[in-house]
Every structure is written in C-alpha cells, then in structure tokens.
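Data block below; observations after.
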Amino acid sequence: MPSYCINRITLGRQRHAMATLGIKLIEGFRDDYMPREKLWDAFALLLILNKMYELHQHGREASAAAIGRSIGMPRQTVRTKLAHLKKLGFIEQIGHHYLMNPDHLNHPLMLAGFRHRLLTLRQAPDKMLETSEITQATH
C-alpha cells in the first residue's frame, strides 16, 4: 500500500504497533515453549491452553468438545492439538478431560521467557503513544 494510503488510516501507527506487539508476544511464546512449531500452529496451541486455563479457573473440566465450542474450532482438530500439547508436556489427560501441567509450565526457562515478554509488553505503550494523532482521532 502506498504511503499516502497508510497516512490516511486513523491511528495507523498505533494499530500497527499493537498488531506488531501481539505478533512479537506470540513469537516469543513459540520460541520459548515450542521452538519447532510454525507460528500459526503455536498460536492455535496457545489459544487452546488459554481456554483450558479459563475453564479450570471457573471450576469446569477441559474437554475437546468444551474447548472446541468456546474457540470455534472443530472438536477433532482440538483433539489433535491436545494430543500434541500432551506430547510436548503441557497437559495431562484423565479420561476425556485435560489438565494443564504446572511442572512443565513452571520450568525456569519458560518463566524466563515470560519475564522477557513482560518487559516487551511494558515497553509497548511508548511505541503506541503519539499524542497529536490520538487526540485528533478521539475528537
């Protein structure tokens, strides 16, 4: 897209910075937790782990059906991804339900990677703030 089109997008630089931040965070997750995975596959696995956390947080069991319904992914695809997460050590299976594996998630290398991503997140606001453009777009 030519620059004159980009310059016409309201809050374009901030939107780009936010999208870049999201991508960097997912790349960091992939690099730390599952470096052999393609970025898109790592995103799907992260989405499933995130949904499992939410289900557990609300006292619900994480099954392929429950996860699939909540994220809009076919149950069989979720089962395949869950089997992969189990193989990688992120989760355990009990019958038709899955539990996150705290020992794996609390590994020092994974915690170090999280701390690095947290630093990236803390630096992001400076990259997104351009007062004049934000002020113009909100009035």
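Here, each number is a calculation from the coordinates, and none is a lab measurement. Nothing here was measured: the structure is a model prediction, and the numbers come from that model. Counting neighbours? That spans all protein chains shown, and the Cβs are built from the backbone with ideal geometry, glycine included.
A few notes on this one:
- Paramagnetic reach from Lys86 (point 7 Å along Cα→Cβ, amide N under 20 Å) across segment 1-45: 34, 42, 44-45
- Local electrostatic count at Glu54 - Lys and Arg +1, Asp and Glu -1, tallied over other residues with Cβ under 15 Å: +2
- Charged side chains reduced to their Cβ positions (Lys and Arg at +1, Asp and Glu at -1) give segment 20-139 a dipole of some 400 debye around its Cα centre.
- Each residue, Asn7 and Arg75, gets one label point 7 Å from its Cα in the Cβ direction; the gap between the two is 5.5 nm.
- Glu54-Leu119 FRET efficiency (beta carbon distance; Förster radius 25 Å; 0.05 resolution): 0.50
- According to the Kirkwood relation over distinct C-alpha pairs, the hydrodynamic radius of segment 54-125 is 13.8 Å.
- Radius 11 Å from Cβ of Ala42, net charge of other residues (Lys, Arg +1; Asp, Glu -1): -1
- In the chain, helices alone account for a calculated mean residue ellipticity at 222 nm of -22500 deg cm²/dmol, with every DSSP H run of four or more residues adding -39,500 (n - 2.57).
- Charge dipole of segment 3-128 about the Cα centre (unit charges at C-beta), most positive-ward option of Ala112, Ala62, Tyr4: Tyr4
- Radius 14 Å from Cβ of Thr77, net charge of other residues (Lys, Arg +1; Asp, Glu -1): +4
- Among the lysines of the chain, pairs at least eight places apart or on separate chains and with Cα atoms under 15 Å apart come to 4.
- Taking one quarter of the surface of the convex hull spanned by the alpha-carbon atoms of segment 1-53 gives a direction-averaged projected area of 4.9 nm².
- Among Leu109, Leu39, Leu25, sorting on how many other beta-carbon atoms sit within 10 Å of each Cβ, with the fewest leading, yields Leu109, Leu39, Leu25.
- Percent of C-alpha pairs per 10 Å bin, the chain, short to long: 11, 32, 28, 19, 10, 1
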